[in-house]
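Below is one structure, written out as structure tokens; comments come after it.
The values are calculated or read from the model by the stated rules, or taken from the named source; none is laboratory data. Owing to the predicted nature of the structure, the values given are computational and were not obtained by experimental measurement. Counting neighbours? That spans all protein chains shown, and the Cβs are built from the backbone with ideal geometry, glycine included. We work out accessible area using only protein heavy atoms, side chains counted, and drop any ligands, DNA or RNA first. Shrake-Rupley method; radii C 1.70, N 1.55, O 1.52, S 1.80 Å.
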Amino acid sequence: MIRRRLVHAASNASICCTPASSHSSYGRRPLSTIISTTLPSHNLPTNSERNNRSDKPIKFRRRFSSLSNDVDSSNREAPIATTTTTIRHQRPIYVAATRQHVGKTSVSLALVSHFTKRFGTENVGYMKAVGQQCLRVWDEPVAVVSDENDDDGGIGNASKYNGDSDEESSQEKGKYVVIDKDVKLIRDHFQMYHLQYSDMSPILIPRGYTKNYLDGKIDHAGQMADIRRAYLNIVKSTAANAEKSRRGGRNDCGSVDTITICEGTGHAGVGSVVGAGNARVAAELGADIVLVANGGLGRAFDELELNRSLCLQYGVNIAGVVINKVQPDKFEQTRDYLTKAINQMWTGPNGEPAPPILGVVPDRPYLGCPALADVESHFGSVLLSGSDHRYR
């Protein structure tokens, strides 16, 4: 019930936070305004880099070229279409946390809200690579994104772009799929209908999945290939819309940016028993991680340090930290001292800067209280009057 209220709050940029570099008095500032918009373009790690993981910790090299190479279908990855347009694929942002129920979905909502307003909904992707709480939904093919006079010299239609034949796309009417519930929440709220449910939620871990994996009934290579393929399909869908936007003259800057927000599940190590921990998946996708922790000082930093060690093991860059549910009367103390702790403990040996605190979010008890909209949804009823107060 509470999710609806959090969606309304996050999508309207009402999450309050201040950057770590600011030492001014507390003020209301949306999280989205302090996320860096200069993330470089990227490429997925090569197959040779992935093959080294069985012997030693992964040390992926960062690639800063745009996605352009086709991926071998034998690896179960869809091909990347190449275009001559200036489309900048920003490095994906992977939202992880120090433990469960600290606000990953709320931070993901704020990020998606920001980037849909900045880049346009059709140029933003979202996925939850590994989910746990399942929901059965109807998944329809994505809509055609090409222009009527398209000579197929560029992206083409969505079905071709996703590697499907015209015959297959005409016969495919949709199907039921099982996805993580957070995927439906974000897709429906932001109307991200250019993405398919199956790509947004490639791996689910229901009851019995771990035993099947350990018994060898689930192939690890195929599992990770499904995650990569789903991510690449999302990148291609956003790139197709970016190309259409450029051709339609809706972008005056001569370039279009696309980005994908990846939401994790639990802390950085959740999923490790099936070889799909958050840090490892982030490394597979070449993503930067944003860590979310609950308010506090000693315990908060200790939990951040534990999760940071896994990120270092897999060569994943920590883009920043968000501290959530901070007691309002300890807001400045938490912000200042956690900033000092991170700067002192996480600064590199050669002077590399420590990750910044992107936001400190005060705990607002009313966000956890049911609203009229929650009662309406829970009982399947309709509010007869007072629609302006549905979220009060």
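Order of 365-371, 198-204 by packing, highest average Cβ count within 10 Å first?
Ranking the peptides 365-371, 198-204 by packing returns 198-204, 365-371.
Give me D for segment 239-392 in µm² s⁻¹, whole number, from Stokes-Einstein with Rh from the Kirkwood sum over alpha-carbon pairs, 37 °C and 0.692 mPa s.
D, rounded to a whole number, is 172 µm²/s.
If you scale each eigenvalue of the Cα gyration tensor by 5 and take the root, what three semi-axes come out for segment 181-320, rounded to whole angstrom and sorted largest first?
Here the semi-axes work out to 30, 22, 14 Å.
Give me, ordered by chain and number, the residues 5 or more places off Asp139 or on other chains with an amide H under 5 Å from its own placed amide H.
Hits under the 5 Å cutoff: Lys175, Tyr176, Val177.
Could you tell me the accessible area of Lys330 in Å² (1.4 Å probe, neighbours in place), rounded to the nearest ten?
It works out to around 90 Å².
Distances over 16 Å make up what percent of all Cα-Cα pairs in segment 291-379?
Across segment 291-379, Cα pairs with separations above 16 Å total 59 percent.
For Tyr176 paired with Glu352, estimate the spin-label separation in nm (one decimal), with each label point 7 Å from Cα along the Cα-to-Cβ line.
4.9
Using a Debye calculation, one point per C-alpha and no hydration shell, please list log10 I(q)/I(0) for segment 276-315 at q = 0.16, 0.26 Å⁻¹ in order.
The Debye formula, applied to the Cα set alone, gives -0.41, -0.86.
How far apart, in nm, are two points set 7 Å out from the Cα along the Cα-to-Cβ line at Leu384 and at His220?
So the label points at Leu384 and His220 sit 6.1 nm apart.
For Val292, list long-range residues whose amide hydrogen, built 1.01 Å from N in the peptide plane, is under 5 Å from its own amide hydrogen.
Ala96, Ala97, Thr98, Val322
What number comes out for the charge environment of Ala293, summing +1 per Lys or Arg and -1 per Asp or Glu over other residues with Cβ under 15 Å away?
+3
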